[in-house]
């Protein structure tokens with residue numbers, strides 16, 4: 001089956017409210033006639049509502065960069081699924097490598113966040129990927145297996161089909177390095193094979209698997225040429241709307 005391409009911009013800790021609105025205004029004009037792919041911008045919490053208002057009625061969706069797994073309570077600094085949905089987010093990035101490495105997210109917490117996102121009608125973009133040390137030790141597929149099995153534990157095949165997986169080799173994020181098309185293709189094929197094995201053929205055929213890691217306008221076409229690469233999760237190159245548009249349109 002033909003999977004609809006998916007491109008997500010992850011701004012990380014960049015952009016004030018005004019900058020986010022300006023990005024949204026420019027990007028919605030650039031993509032006015034683009035209807036054959038899903039386009040999403042993951043803004044900081046502070047800019048979610050303003051960005052969502054700016055792109056409302058367009059073909060641009062809004063994502064949060066994380067979500068907490070409790071509904072409400074004494075969790076200072078946390079933001080719930082209900083809150084991000086109320087702010088206008090339809091998606092949430094879950095388990096990004098920076099959340100795992102800097103803030104201590106685990107496979108178990110990724111699983112809880114994925115469940116709570118789905119329960120609140122938010123599409124999770126679940127990130128998985130190996131470190132440089134793990135790749136050099138030939139542990140890439142073992143790491144991916146662990147993250148898929150633990151991160152998606154208790155998720156049904158139907159739910160897996162509707163979410164998005166982002167493969168992001170940690171060694172390629174923000175480093176200027178990126179996996180070769182063959183390396184990306186092999187990892188994506190492995191991920192899809194495990195989804196087929198553990199969640200069924202329908203889920204494997206439907207789930208979108210994105211590549212993330214120093215994606216730029218000049219390398220996205222080669223990456224997307226791999227049969228199991230359905231789009232990209234873009235960091236630094238997405239801060240400029242014209243650059244992100246070039247990636248989304250060339251891919």
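No lab work stands behind these numbers, since they all come straight from the coordinates. Please read these numbers as outputs of a predicted model, since none were measured by experiment. Positions of Cβ are generated from backbone atoms using ideal geometry, with glycine treated the same way; all protein chains shown enter the neighbour counts.
Structure above, values below:
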read-out	value
Within a Gaussian network of the chain (alpha carbon springs, distance under 10 Å), most fluctuating of 184, 52, 78	78
Gained length - residue 3 relative to residue 196, 0.36 nm times residue gap less alpha-carbon distance	67.9 nm
Computed [θ] at 222 nm, helices only, for the chain once each DSSP H run of length n ≥ 4 contributes -39500 (n - 2.57)	-12500 deg cm²/dmol
Residue 139 versus residue 78: modelled label distance in nm, points set 7 Å from Cα along the beta carbon direction	2.9
For 82, 39, 51, 144, order by how many other beta-carbon atoms lie within 10 Å, fewest first	82, 144, 39, 51
Exposure proxy ranking, count of Cβ atoms within 10 Å, fewest first, for 230, 38, 145	145, 38, 230
Choice from 197, 159, 147 showing the highest fluctuation, given a GNM over the chain with Cα pairs closer than 10 Å	197
Order of 83, 13 - criterion: other Cβ atoms within 10 Å of each residue's Cβ, fewest first	13, 83
The stretch 6-250 - Debye-derived log10 I(q)/I(0), Cα point model, q = 0.15 Å⁻¹	-1.01
Spin-label model distance (nm) - residue 108 vs residue 16, 7 Å beyond Cα toward Cβ	4.2
For the chain, built as a Gaussian network whose Cα springs stay under 10 Å, the top-fluctuating residue of 57, 73, 231	73
